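A short write-up of the structure that comes next.
We did not get these values from a lab; they are worked out from the coordinates using the rules stated. None of the values given here were measured: they were computed from a predicted structure. Backbone-built Cβ (ideal geometry, glycine too); neighbour counts: all protein chains shown.
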Amino acid sequence: MKNYKLLHWTPDMVQAFWDYESAFPKNFFTYSRRHEIIRQLGRYLPAGCAVLDYGCGPGNLIEPLLDTGFRVSGLDSSPSTRETVKTRFADRPGFTGVYDQEEINRSGLKFDAIIVAEVIEHLYDEQLDALLGTLKTLSHKGTHIVFTTPNEECLEDSYILCPVSGELFHRWQHVRNWSESSISAYLAERGFTDTRTFTTDFDATLTIRGKHNPLRIRWWSAVRTRLRYRTRPERKRPHLVIISRPTPE
């Protein structure tokens, strides 16, 4: 097979990609899994606390967070996505606004919990280090930062070819993968402490809410998924959750 060069994503390319994708919120990872994600992450969020959804996209996690009684802000780099979020939640009690990076840096805001769902697999080292620095400025002593990311993803499985440049890129703009050990080491080297990790499968929920999917299909799919893990406990779970805190200075 021909050796193809990997596409290197520039900020303008990333913004153009997600500006386009934001018009299709049902395609986002968090859309069909949003209630299960918040159900599993909710144990790390004090009741009624101030939560920032970092990299909120069209607001798929903001909805169940508001439904659960949290005060919620969003952050996203895409102007069109932020407009979508503003319109979608403008009249919802508990919604406290959506920001871009410069606005959040100037705000002086601190949050009790920050959710960084399906973000860190999209970032090169320089961008990720900038993100971790921002998370520190948005945190107080008791803030919990909760990350989700694919667990030991094989990036090559999702590569597609750009017919213009002849370069390969990941269908969802992933540029790196993570394991429990690699993310724990990365965070420790950058001033984060009390890091806990676990692997899970956000598709294995038996709790069905809303009308976005046929209930019978979703329920049986979840049953089959759970049975696979019961009969094959060594089976790798596809999703990784990390809970950490910035080291007090």
message = Through the Karplus equation 6.51 cos²θ - 1.76 cosθ + 1.60, θ set to phi - 60°, convert the phi angles of the range 77-86 into ³J(HN,Hα) values in whole Hz; use x for Gly and Pro.
response = 7, 8, x, 5, 5, 4, 5, 4, 5, 4
Residue-averaged 222 nm ellipticity for the chain, from DSSP H runs of 4+ at -39500 (n - 2.57), nearest 500 = -10500 deg cm²/dmol
note = For the range 1-101, using Cα atoms only, the Rg and Dmax in Å read 15.5, 55
key: Protection proxy ranking of 32-38, 178-184 - average other beta-carbon atoms within 10 Å, highest first   = 32-38, 178-184
note = Which residues qualify? For residue 178, with a placed amide H closer than 5 Å and at least 5 residues away or on another chain, they are 152, 153
request  = Return 67, 12 ranked ascending by Cβ neighbour count within 10 Å, so the fewest neighbours appear first.
outcome  = 12, 67
note = Checking rank on 139-148, 51-60, with mean other Cβ inside 10 Å and highest first, the result is 51-60, 139-148
Which listed pairs, of 141/236; 86/141; 5/236; 86/136, have C-alpha distances above 31 Å, in listed order = 141/236
message = Only four residue types carry charge here, +1 at the Cβ of Lys and Arg and -1 at the Cβ of Asp and Glu. Report the dipole size of the range 20-116 about the Cα centre in Debye, rounded to the nearest 20.
response = 260 debye
task = Determine, for each peptide in 109-119, 127-137, the mean count of other beta carbons within 10 angstrom over its residues, then list the peptides with the highest first.
result = 109-119, 127-137
ask   = For percent of Cα pairs over 29 Å apart, which listed value, [x] 42; [y] 31; [z] 26, comes from the coordinates shown?
value = [y]
